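Following: one structure in structure tokens, then a few remarks.
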Amino acid sequence: MVMNFADETGVFSPYVFGTITTVLVVIMSASLTTNLLVAIVMAKKCQLGAHSSHIGSNRFVLNLCVTNAVLSVLVLPFVIVSTIKQRWIFGNVWCQASGFFTILLSTNSLLTVMILSIDLYHCIVNPLTYHRRMTPSKTIRFIIYSWILSLLAATLPLVGWGQYGYQQLKYSCTVVWDSTVSGGYVKFYAVIFFLVPFSGSCWAYYHIVKAAKRQARILPINNVPFRGSISSTLSGNFTGSKAFRITILVLGSVTICWGTYIVTILLESSKVNTPTELQVTITILNSLMTFIYPMIYGIRIKKTRRRIRKLFISMCICGHDNNVRPVTSSDAGFFINSTRAFRNRSVSDGSVLDFEGARDLTTGWCLPAIVEETDESHLRVFTEVTDLDRVQSIPGQISE
């Protein structure tokens, strides 16, 4: 049931307008901040782990966060101003551009979330062949394909199939869904860019939960030995409940936010009168998705939060004594304060031999990596250089 905040003419009171504007400002600020932080962390992980078989997951999340950050800059500020002014004041040219960017960026964001579900499916269900199924080159192609499809969706209204215009009840320039020329485009968009990818995600998460429950029965994670670290950083048992929670988070948010939007535009194209409150609600929900995505794929994950804290610390101590100074003796090298290094080192910072990408996305309910002892020349062991490793290094030491 939708509460009625508008009068008979569909106009909100100044108090309601102020509330809507405040909510949109908070969403825009939170979205821009979280997406940029997660994007910086993922960019560094992609740079440092250029040869990792799980760089694909990081690239997908990086693409998602960059898309949402750009959306927060190019679209949301003009929605906020339109809410305050209760009209579009930026001219028709920018209205067309704003509608184009809205469809382009929001569609790419949705498709990237769907691709992440496929990536996670291969990592959990097919862990031994994941590095062959999701190679770095394939991840690049997936990202390119998502942008091509998004560009197609955003270009069609510019060439006559559909049209962009200012939507008074949505306070934004987007596709005029109730226009006669937009009737076929609405159904095409709903099926190709929502229903098909969403069905694929549901299928992927169904098999992820199924694999999690099966693995919990036959191979408890606490009994699996890990080589390469005193702590595997995989907390908790490998249970289907954790898989179920991430499934609810992803599919639930997409269903509520995007599902409501798709149903509403289909009703509009069918000339069904939709309440003013519903129109405003879907605008807020779509804006909220730009904040929900980095929370699910970034802030929610303990390791990502730790990296963000380190990023803030490095920014705060910039220009101050970092306890690293050149050695004044004849030996070339640097001296590091070992006391501080040991104090700041976390046990979980040790290198691990597992699927890092899936561990980050699922908070510790992915399958452990299994290395086949067949041919040592084909073994690929990826370790992370820790602060402890740097402390134990001797100036002038030759890296292996």
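Note on surface exposure: LYS213, LYS302 rank LYS302, LYS213 by accessible area, highest first, 1.4 Å probe. Here segment 117-167 is described by how far its Cα atoms reach on the three principal axes: 50, 21, 14 Å, from widest to narrowest.
Just subtract the alpha-carbon distance of ARG305 and LEU149 from 0.36 nm times their residue separation and send over the number in nm, one decimal. Each step should come with its number before you reach the end.
Numbers: separation 156, 0.36 × 156 = 56.16 nm, distance 3.23 nm.
Separation in residues times 0.36 nm, less the Cα-Cα distance, equals 52.9 nm.
Taking 0.36 nm per residue of separation and subtracting the current Cα-Cα distance, fully stretching the chain between VAL73 and THR281 would add 72.8 nm. Between VAL16 and ALA97, the simple spin-label model (points 7 angstrom out along Cα→Cβ) gives 3.3 nm.
Take the Cβ-Cβ distance between ALA43 and LYS271 as r, set R0 to 41 Å, and report the resulting FRET efficiency rounded to the nearest 0.05.
Details: r = 46 Å, r/R0 = 1.13.
Computed FRET efficiency for ALA43 and LYS271 comes out at 0.30.
Measuring between alpha carbons in the structure, the pairs from LYS138/LYS303; LYS210/LYS302; LYS45/LYS170; LYS85/LYS187; LYS44/LYS187; LYS242/LYS310 lying more than 30 angstrom apart are LYS45/LYS170; LYS85/LYS187; LYS44/LYS187.
Between TYR206 and THR135, what length in nm is gained on full extension when 0.36 nm per residue of separation is reduced by their alpha carbon distance?
23.2 nm
The modelled label-to-label distance between PHE188 and PHE90, using points 7 Å beyond Cα along the C-beta direction, is 2.6 nm.
Given a Förster distance of 35 Å, report the FRET efficiency between SER199 and LEU128 from their Cβ-Cβ distance, rounded to the nearest 0.05. Don't jump to the answer; show the numbers that get you there.
On the way: r = 27 Å, r/R0 = 0.77.
Step by step, r from the Cβ atoms, then E = 0.85.
Relative to a virtual label point 7 Å from the Cα of THR255 in the Cα→beta-carbon direction, which members of segment 192-209 show backbone nitrogen distances below 17 Å? Only 194-209 pass the distance filter. The orientation-averaged projected area of the convex hull spanned by the Cα atoms of segment 58-121 comes to 4.5 nm².
The values are calculated or read from the model by the stated rules, or taken from the named source; none is laboratory data. Quick caveat, the model's predicted, so the values are computed rather than measured. Backbone-built Cβ (ideal geometry, glycine too); neighbour counts: all protein chains shown. All accessible areas refer to the heavy atoms of the entire protein, side chains included, with ligands and DNA or RNA removed. Shrake-Rupley method; radii C 1.70, N 1.55, O 1.52, S 1.80 Å.
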